[in-house]
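A quick write-up on the structure given underneath.
Where a number appears in this text, it was derived from the coordinates with a stated rule and is not lab data. As the structure is a computational prediction, the values presented were derived from the model and not from experiment. For neighbour counting, all protein chains shown are included, and Cβ atoms are generated from backbone atoms with ideal geometry for every residue, glycine included.
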Amino acid sequence: MTDLGLENAADAAVAMVTDGMRVGLGTGRAATSFVTRLGARVRNGLRIVGIPTSDATATLATSLGIPLGTLDESEEELALTVDGADEVSPDLDLVKGFGGALVRERIVAAASRRQVIVVGHDKLVDRLGTRGRVPIEVVPFGCGPVLRRVRALGLTPTLRRMDAAPVISANGNLTIDCGLDAPLADARAARTLERELRAIPGVVDTGLFLGTADVVLVGYPDGRVDVRHARR
């Protein structure tokens, strides 16, 4: 089903890309909308280089004629990364990772001058954790101890599976969805949980992207796009 709000936000993100940019390409539905529109501009003469955060995004971008690059240290910093989010709080903290690419999304965003988030208005929440889970990426060797430590934090961990088999990330790791009994109380609680999860040996990264977004483009079906800037 077409998400007009998301498509309107993606259009606004594409308008932010100018000739000669190196652009991080996120993963998921929002990123797909953005990359599809970016491909149309490339075919009309826009010169950019995209840095994909997943094999799926790389395949899509290649099919659309978007030149791809890497994060080689000899290359310049990315101008911006455009990606989606699963939740956006009023202070622009995010939950990401439902699509399974959170580690590479983090790396590419950190290599960019700006992280631009594209969402439909349905992804706005009053408090993070409203959708009931926070993903973490975990080294397979440490899965058992990680599950125990997550339970000790009062969360309900579920190993993400597809067709009964564990989902393996592009980095060869597992994803554990940490179930919450209730949304996180506030930004401080989100940062406390992030520290606790990151402190568990075997946890590579979490889906809590706190203070990383510079701009959030919130699309509505009527054509409106609400542009929200982070307060630093």
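Sticking with the crude label model, points 7 Å out along Cα→Cβ, report the distance from R161 to N44 in nm, one decimal please.
4.7 nm
Explain nothing, just compute: Karplus ³J(HN,Hα) = 6.51 cos²θ - 1.76 cosθ + 1.60, θ = phi - 60°, for every residue of region 58-71 in order, whole Hz, x for Gly and Pro.
Values per residue, Gly and Pro as x: 4, 5, 4, 4, 4, 5, 9, x, 7, x, 10, x, 10, 9 Hz.
Between R47, R127, R104, which gets the highest mean-square fluctuation from a Gaussian network model of the chain, Cα cutoff 10 Å?
R47
Apply the Karplus curve 6.51 cos²θ - 1.76 cosθ + 1.60, θ = phi - 60°, to the phi angles in region 204-210 and return the couplings in whole Hz, x for Gly and Pro.
Here the 3J(HN,Hα) series is 7, 6, 10, x, 8, 9, 9 Hz.
For region 133-206, state the average projected area of the convex hull of the C-alpha atoms over all orientations, rounded to one decimal in nm².
4.9 nm²
With unit charges on the beta carbons (Lys and Arg positive, Asp and Glu negative) and the dipole taken about the Cα centre of region 133-206, which residue among M162, A152, V139 sits farthest to the positive side?
The Cα lying farthest towards the positive end belongs to A152.
Amide H to amide H under 5 Å from T81: which residues, 5+ apart in sequence or cross-chain, H placed 1.01 Å off N in plane?
G24, R114, Q115, V116
If we sort 223-230, 20-27, 53-60 on the protection proxy, mean other Cβ atoms within 10 Å, highest first, what's the order?
Going by the mean number of other Cβ atoms within 10 Å, highest first, we get 20-27, 53-60, 223-230.
If each residue of separation counts as 0.36 nm, what is the full-extension length gain between V139 and T62 once their alpha-carbon separation is subtracted?
24.7 nm
In a GNM of the chain with a 10 Å cut-off on Cα contacts, which of D177, D122, D163 has the highest mean-square fluctuation?
The residue that fluctuates most here is D163.
Spelling out what I want: for every residue of region 173-190, take phi, set θ = phi - 60°, compute 6.51 cos²θ - 1.76 cosθ + 1.60 (Karplus), and round to whole Hz; glycine and proline get x.
9, 9, 10, 10, 8, 8, x, 10, 6, 7, x, 5, 4, 6, 5, 5, 5, 5
Using the Cα centre of region 1-109 as the reference point, and only Cβ charges (+1 on K/R, -1 on D/E), how large is the resulting charge dipole? Debye, rounded to the nearest 20.
Around 440 debye, computed over region 1-109.
Starting from 0.36 nm per residue, how many nanometres of slack lie between T36 and R195 once their C-alpha separation is accounted for?
Here the answer is 53.6 nm.
Pop a pseudo-label 7 angstrom from the Cα along the beta-carbon direction at both E77 and D55 and give the gap in nm to one decimal.
Calculated label separation equals 3.2 nm.
Mind checking the full-extension length gain between A152 and D126? Use 0.36 nm per residue of separation minus the Cα-Cα distance, one decimal, nm.
Result: 6.7 nm gained on full extension.
Cα atoms only: what Rg and Dmax, in Å, come out for the chain?
Spelled out, the Cα radius of gyration and Dmax of the chain are 17.4, 55 Å.
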